[in-house]
Amino acid sequence: MTLTTPHQYKARLADKLIHNAKFEQYNFELVEPNQLKFAAGQYGSFLISDQGHRRSWSICSSPAIDHSLEILIDPAPKGAGTQFLQNLKLGDEVQLLAPLGKFTIDESGAEKALVFVATGAGITPFRSMILDLLQVKKDTRPMILHWGLRYVEEMIWQNEFQELAENFPNFQFHPVISKASQEWSMCRGRVTDCLNVHQLLDHAGYYLCGSEQMIADVIQLLSAKGVAPARIHREKFY
């Protein structure tokens with residue numbers, strides 16, 4: 001895929017959704033230019049101060065929606081970027097540079113299946129990728145999403161992912177809860193535990209986004225199982 005040249009955009013905060021204490025979702029309507037062409041997995045760099053400070057967030061919305069973009073954050077670090085977003089009021093304008101990044105699906109045809117491994121807000125680019133692959137591109141390759149969280153109560157978009165799994169037989173959703181209750185019947189522990197339980201798909205590409213420790217652990221696991229480095233992809237700015 002030929003990636004689009006990044007441009008400066010003005011956008012207006014159109015909606016803000018506080019899912020829970022773990023995740024907040026922001027929807028920005030584009031003002032000028034009013035259309036953004038991006039590849040699923042790319043991100044935007046937002047200007048957050050008059051001094052030129054910037055923060056980058058992956059786009060979680062589908063590329064099919066080109067008049068706006070959505071981002072997801074974990075507000076826990078309470079950094080400058082989080083404070084900037086939380087102080088925005090509906091209708092406030094922001095400036096951003098987009099699209100950026102090369103964390104996109106390999107289109108060479110070598111990957112016969114796709115496995116997405118996320119922890120926390122690392123789910124953000126994968127939502128965009130999965131919506132694009134299934135709903136827009138009608139990709140029929142086997143796909144599995146492993147998403148690690150600490151508590152069940154932190155989970156969002158579970159109904160959306162489960163509905164996708166029902167409507168697209170080639171897609172599976174495996175949430176992994178590290179501090180699960182006795183009633184939790186799905187994967188528990190860390191995402192590496194879940195990956196160990198499930199048989200690796202043949203000729204799959206692995207896409208990783210989340211904590212540095214998770215990425216290191218998953219790369220070690222996959223390498224030990226014979227997965228070539230060229231088939232392991234990671235988001236660099238996380």
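Laboratory data are not the source of any read-out in this text; all were calculated from the coordinates shown. The shown structure was predicted, so the numbers you read here are calculated from the model rather than taken from an experiment. Cβ: placed from backbone, ideal geometry, glycine included. Neighbour counts: every protein chain shown.
Using a Gaussian network model of the chain whose springs link C-alpha atoms within less than 10 Å, name the residue from Thr124, Thr82, Thr104 with the highest mean-square fluctuation.
Checking each option, the largest mean-square fluctuation is seen for Thr82.
Quick one: net charge of Glu70's neighbours, Cβ under 13 Å, K/R +1, D/E -1? Walk me through the numbers before you get to the answer.
On the way: positive: Lys16, Arg127; negative: Asp15, Glu24, Glu29, Asp66, Glu160.
Surrounding charge for Glu70 is -3.
Dipole of the chain, Cα-centred, from +1 at each Lys and Arg C-beta and -1 at each Asp and Glu C-beta, to the nearest 20 debye?
Using Cβ point charges on Lys, Arg, Asp and Glu, the chain gives about 460 debye.
Cysteines without a disulfide-compatible partner in the chain, using Cβ under 4.7 Å as the rule?
That list is Cys60, Cys209.
Find the percent of Cα-Cα distances in the stretch 7-100 that exceed 20 Å, and round it to a whole number.
28
What is the sum of charges around His198, taking Lys and Arg as +1, Asp and Glu as -1, for the other residues whose C-beta is under 15 Å from the C-beta of His198?
Value of the local net charge: +1.
With unit charges on the beta carbon (Lys/Arg positive, Asp/Glu negative), name the residue among Thr140, Met186, Ala110 whose Cα is farthest towards the positive pole of the charge dipole of the chain.
Result: Ala110, furthest along the dipole toward the positive end.
From the list [x] 31, 17, 16; [y] 29, 21, 17; [z] 45, 21, 16, can you say which value of semi-axes √(5λ) of the Cα gyration tensor in Å was derived from the structure given?
Read-out from the structure maps to [y].
Among DSSP beta bridges whose residues both lie in the stretch 37-186, state the antiparallel percentage, nearest 5.
Percentage antiparallel, nearest 5: 40.
Among DSSP beta bridges whose residues both lie in the stretch 113-234, state the antiparallel percentage, nearest 5. Before the final figure, lay out the partial values.
On the way: 0 of 23 bridges.
If we restrict to bridges inside the stretch 113-234, about 0 percent are antiparallel.
Within a 10 angstrom radius of the beta carbon, how do Ser181, Ser58 rank from fewest other beta carbons to most?
So the residues, fewest neighbours to most, are Ser181, Ser58.
Could you quote the convex hull projected area for the stretch 113-234, Cα atoms only and averaged over all directions, in nm²? Please report the intermediate quantities before stating the final value.
Numbers: hull surface 28.7 nm².
Average projection, Cα convex hull of the stretch 113-234: 7.2 nm².
Lys and Arg at +1, Asp and Glu at -1: add these up for the other residues within a Cβ distance under 12 Å of Ala98 and post the number.
Here the count lands on +2.
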